[in-house]
Amino acid sequence: MFKTIGAIAALSTLLLAGTAQADPVKVGMITTLSGGGAGLGIDVRDGFMLAVKQSGNKDISVVIKDDQRKPGIAVQLADEMIQSEKVDVLTGIIWSNLALAVVPSAVAQGKFYLSPNAGPSALAGKGCNKNYLMWPGRMTICRKALAPMPRVQVMPTVSSLPPTTR
């Protein structure tokens, strides 16, 4: 439990502030790196690795695997990362059908899952789990909600919404 909290704290600090001072954290990234839609997975991987690099924190290691946009492969990779690689947290899945295949098993094993994109409704409400978090990737929703405001900083040092144009 404390290692999970440490993983969450370290990754939150990494993503929000740019530096992290915590126990070593091992991240398992399963994303689409080949075939149709690979551009999205490559962008998620590259952006995450850039954040890790810019943090300067040498205590974050990342294991990256290609899900080939196949649920069965994604589940196999997640189980391997959890059981053999001993990752603290999982991330990277782009597609909702893959998230539906991976997330329930991962959180049932006590792992924390940070979703960069996939947010299927089946993982909300009754299907919600305290170890599943979707970070703000749906900027069009945020922009619509924040449209009346001239400028809103969403995540310190990571991104901000530009002024709305009319």
Query - Peptides 119-126, 26-33 ordered by average Cβ neighbours within 10 Å, highest first - result: 26-33, 119-126
Query raised in the report: What is the distance, in nm, between label points placed 7 Å from the Cα along the Cα-to-Cβ direction at Q109 and at S34?
Result: 2.2
Report summary line: Semi-axes of region 29-85 from the Cα gyration tensor (sqrt of 5 times each eigenvalue, largest first, whole Å) come to 21, 17, 5
Query - Calculated FRET value between A122 and S61, using beta carbons and R₀ = 35 Å, to 0.05 - result: 0.65
Query raised in the report: In debye to the nearest 20, how big a dipole does region 25-66 give about its Cα centre with +1 on each Lys and Arg Cβ and -1 on each Asp and Glu Cβ?
Result: 160
Report summary line: Two pseudo-spin positions, 7 Å from Cα along C-beta at K53 and at D79, lie apart in nanometres by 3.5
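Values in this text are rule-based calculations from the coordinates and carry no lab data. As the structure is a prediction and not an experimental result, all values here were calculated from the model. All Cβ positions, even for glycine, are placed from backbone atoms using ideal geometry, and neighbour counts span all protein chains on display.
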